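What follows is one structure encoded as structure tokens, with my remarks underneath.
Only the coordinates and a few stated rules stand behind these numbers; no lab work does. Note that this is a predicted model, so its numbers are computed, not measured. Here Cβ is always computed from backbone atoms with ideal geometry, including for glycine, and neighbour counts include all displayed protein chains.
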Amino acid sequence: MIRPYDVAVVVLSGRVHLYEGHFANVVVHAVRVMRLWGASVLVLTNASFQPHRLMVITDHINLTGTNPFSGKLDSRWGIPQFPDLTQIYDYELSLILRVALHELEIQFCKGVYAGLAEGPLMHQDVVDAIQVGMKQ
């Protein structure tokens with residue numbers, strides 16, 4: 001854990017994925033541990049959009065066929081069995097990111113992430129169709 005500006009920060013390099021054969025509860029384990037450490041904000045990055053193009057994710061659609069909240073949830077995690085996900089993408093944090101990208105003249109778009117279990121895929125036509133269908 002590092003403390004820039006007296007704020008505790010945890011930085012991970014890599015993570016496990018469903019497409020590697022892990023169960024959902026294993027995939028989310030590191031996130032749950034960081035929550036136990038007191039983390040209140042989680043910033044994730046991935047490389048599933050276009051190479052060299054940024055997308056600020058505003059929502060997601062779970063098409064993996066699994067759910068990390070399924071099954072018996074250990075109460076020690078301190079989260080409800082099925083938490084409210086309607087505000088999972090923080091608008092204010094997203095706005096800070098978008099303003100910073102704009103000020104740095106870094107091109108980006110907003111979009112909805114479609115989570116698939118097959119692994120990282122870069123299908124531009126599908127991404128464009130999802131973006132057009134989900135424009136906010």
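Values for this structure:
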read-out: Pairwise FRET efficiency - Leu36 versus Asn62, Cβ, R0 = 22 Å, nearest 0.05; value: 0.40
read-out: Computed over region 1-108, the ratio Rg/Rh where both radii use C-alpha atoms and Rh is Kirkwood; value: 0.97
read-out: Ser94-Phe23 FRET efficiency (beta carbon distance; Förster radius 30 Å; 0.05 resolution); value: 0.50
read-out: Pair His52, Gln81: separation of 7 Å Cα→Cβ label points (nm); value: 5.0
read-out: Residues whose placed amide H lies under 5 Å from that of Leu54, excluding near-sequence neighbours; value: Cys109
